[in-house]
Amino acid sequence: MLQFRHEDKSSQLNQDSATLLEALKSLGLDTKKVIAAKFNGELMDLSASVKTDGEISPITPDSPEGLEILRHSTAHLMAQAVLRLYPDSHFGVGPAIKDGFYYDIDASGTITEDDLPKIEAEMRKIAGAGEKVTRSDMSKDEALKFFANDPYKTELITEIDAPTVSVYKQGEYADLCRGPHVPDASKLHNFKLLTIAGAYWRGDEHNKMLTRIYGTAFATPDELKDYLRRIEEAKLRDHRKLGKDLDLFSIHEEGPGFPFFHPKGMAIMNTLIDFWRREHVRRGYTEIKTPQILDRDLWIRSGHWDHYRENMYTTEIDEKTFAIKPMNCPGSILVYKTQLRSYRDLPMRLAELGCVHRHEKSGVLHGLMRVRCFTQDDSHTYIEPSKIKEEVLEIMELDRYVYNDVFGFKYTVELSTRPEDSMGTDEQWEAAENALRDALESTNTPYTVNPGDGAFYGPKIDFHLEDCLGRTWQCGTIQLDFQLPGRFDVTYRGDDGAEHTPVLIHRVVFGSIERFMGILIEHYAGAFPYWLAPVQVKIITVSDEHIDYARELQAKFMDWGLRSEIDMRGEKLGRKIRDAQVQKVPYMLIIGDKEKEAGTVGVRERTKGDLGSMTLEEFRELLSKEFNPIH
């Protein structure tokens, strides 16, 4: 007799074993939408047989666990369709990922994005037939024989440290997989194949390049439709496209991963930097600048050489090895150590807009979001151990002001704890993690824990911004470091006259200014707020007779601190206005005979249209009401 429980319900089955589907039905639960079950805390297939009493919960696609199973199963459905259309193909890995799934395929023919509709049609054919999904447990030897003709599966099986492996089959397709999966393909309806990319087997550029097909799946048609709408919106907001259309930046074959900023892009970057400097001066930071290239011995001492060497560029100078800095911290420490410091000097907040270089593989480079050279808005703050909470709270307030008040982002917070590849003692890590946790909880800040994702020298708090499409971007971070001060003999004289070791807080707000710009371009769809727009005012002349007056206005606007351009082309007025709209300029000033004679301007606003004729003082008063965190 087996007993099953779910919430306030219980049931009994008069048998030695039962499938989870039978157990759920015995509880009187509706199983039409159920795709898997959790039994005594373990996710399992509905067809799994159990021989003990236990707690059971149905898993449906509208739950996080169910959605992951749905997407993983859809990846298998796609693989089966590919195998039918491209016989003799072999398959790498096909996991569920955020917002969807992918599969890496060594295809027997060429697959392009034009082929996705026919693959998708075959998937729907299989789903319509309700192809059954079954699981088999095999010994490693049996599995090696079963997958003898598949080099990818045999490689994975060989590395598995277990006596048995599980294999999932549906029709002619079989894959090595832990599962669980849906009971049959009829559960898979709301999916869409999206894109194709190349991917090296196991991410190693020395291995064969496979075809990676990306797709997505959702529990309901409406969720899929909404997601596809957001994808189309994201394409329109793609910062790479807008960067070109708005003449902000470019990336060239001569420097892959090294962005070139055009005048308008530099206007945005410099405005962000002006804002950054204003806020940091106001909050007690002082700015420093450290060299780009430093002796390898420094990086060995800091620990970066052991933990970060593969991402560092090096060069030889006078027969010695130097590294181009991937981080600013060791340079800041050398500045701190140029003088003897007292507890009265602390907290010492040394901020730096440091240009850093990191070697990223070509396959992951992506516009401004993933580059090899970027400006990190670092601060390294040296504090007494007793002041950790106080300083962390001040940084959290700075982050809140920047993200929420200035840019209007919602954000979530994550506490990342000790990674496997770390320096320091258990006691130091426990103290550091507790200090960050205390700061979060004392302000009732909701947070999640990301185990093992801290820096190698200490735990951290990460800030994830949510843009207008609901996508999240990790930007700010607060990292506690008990390691580098000790490695570099960093000290201060306490009020007891003795030498003490400070705690070092690594902190960024933007993270990478280049990446933050990319996020802003997509968040605003290129229509930057007035204070940040590369061109704030476009002066549009009706004819050549109005050019002199337009130039007088531009000179005056320069004195006001406005960024302006004159459109003096021989185009029709309507065309000029449309072009300014396409360039997303906040204000357009129409200059004709009437305006020239009266010394006025015809004002158009980007979203409100024609605001009528204004004197220059009236226009200046209008601008003074615009939000501007710099003035």
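Bear in mind these aren't lab numbers, they're just calculated from the coordinates by the rules spelled out. For clarity, every value in this text was computed on a predicted model and none was experimentally measured. Cβ coordinates were reconstructed from backbone atoms using ideal geometry, including for glycine residues, and neighbour counts include every protein chain displayed.
Here are the numbers:
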read-out	value
3J(HN,Hα) from dihedral phi, segment 172-179, Karplus parametrisation 6.51/-1.76/1.60, rounded to Hz, x for glycine, proline	7, 9, 9, 8, 6, 6, 7, x
Alpha-carbon radius of gyration plus Dmax, which is the widest Cα pair, for segment 465-552 in Å	24.5, 77
Cβ-based exposure ranking for Val503, Val603, in which fewest neighbours within 10 Å come first	Val603, Val503
Calculated FRET value between Lys208 and Lys33, using beta carbons and R₀ = 45 Å, to 0.05	0.65
Rounded to whole Hz, the Karplus (6.51, -1.76, 1.60) HN-Hα couplings of segment 324-336, x for glycine and proline	6, 5, x, 8, 9, 4, x, x, 4, 4, 5, 5, 4
Lysines whose Cα lies under 27 Å from that of Lys289, excluding same-chain neighbours fewer than 8 positions away	Lys264, Lys320, Lys325, Lys337, Lys387, Lys460
Long pairs among Lys410/Lys584; Lys132/Lys153; Lys572/Lys594, criterion Cα-Cα beyond 19 Å	Lys410/Lys584; Lys132/Lys153
Where a label projected 7 Å from the Cα of Ser362 along Cα→Cβ would reach, residues of segment 191-225 with amide N under 20 Å	196-212
Set of aspartates and glutamates near Lys51 by C-alpha distance (under 14 Å), chain-local residues within fewer than 8 positions excluded	Asp16, Glu22
Distance in nm between pseudo-label sites at Glu621 and Asp161 (7 Å out along the Cβ direction from Cα)	7.6
Kirkwood Rh, angstrom, the chain [1 / mean 1/r, Cα pairs]	29.0
Charge-dipole axis of segment 112-228 as Lys and Arg at +1 and Asp and Glu at -1 on Cβ define it, positive-most pick from Pro117, Ala199, Ala129	Ala129
Nearest 10 degrees, 0 to 90: helix 221-237 Cα axis against the chain principal axis	30
Helix-only [θ]222 nm of the chain, DSSP H runs n ≥ 4, -39500 (n - 2.57) each, per residue, nearest 500	-10000 deg cm²/dmol
Ratio of the Cα radius of gyration of segment 413-463 to 2.2 N^0.38 Å, where N counts its residues	1.06
Total charge dipole magnitude, the chain, about the Cα centre, Cβ charges on Lys, Arg, Asp, Glu only, Debye to nearest 20	1300
Hull-based mean projected area of segment 496-631, where the convex hull spans the alpha carbons, in square nanometres	12.6
Linear extension gain, Glu232 paired with Lys25, 0.36 nm per residue minus alpha-carbon span	70.3 nm
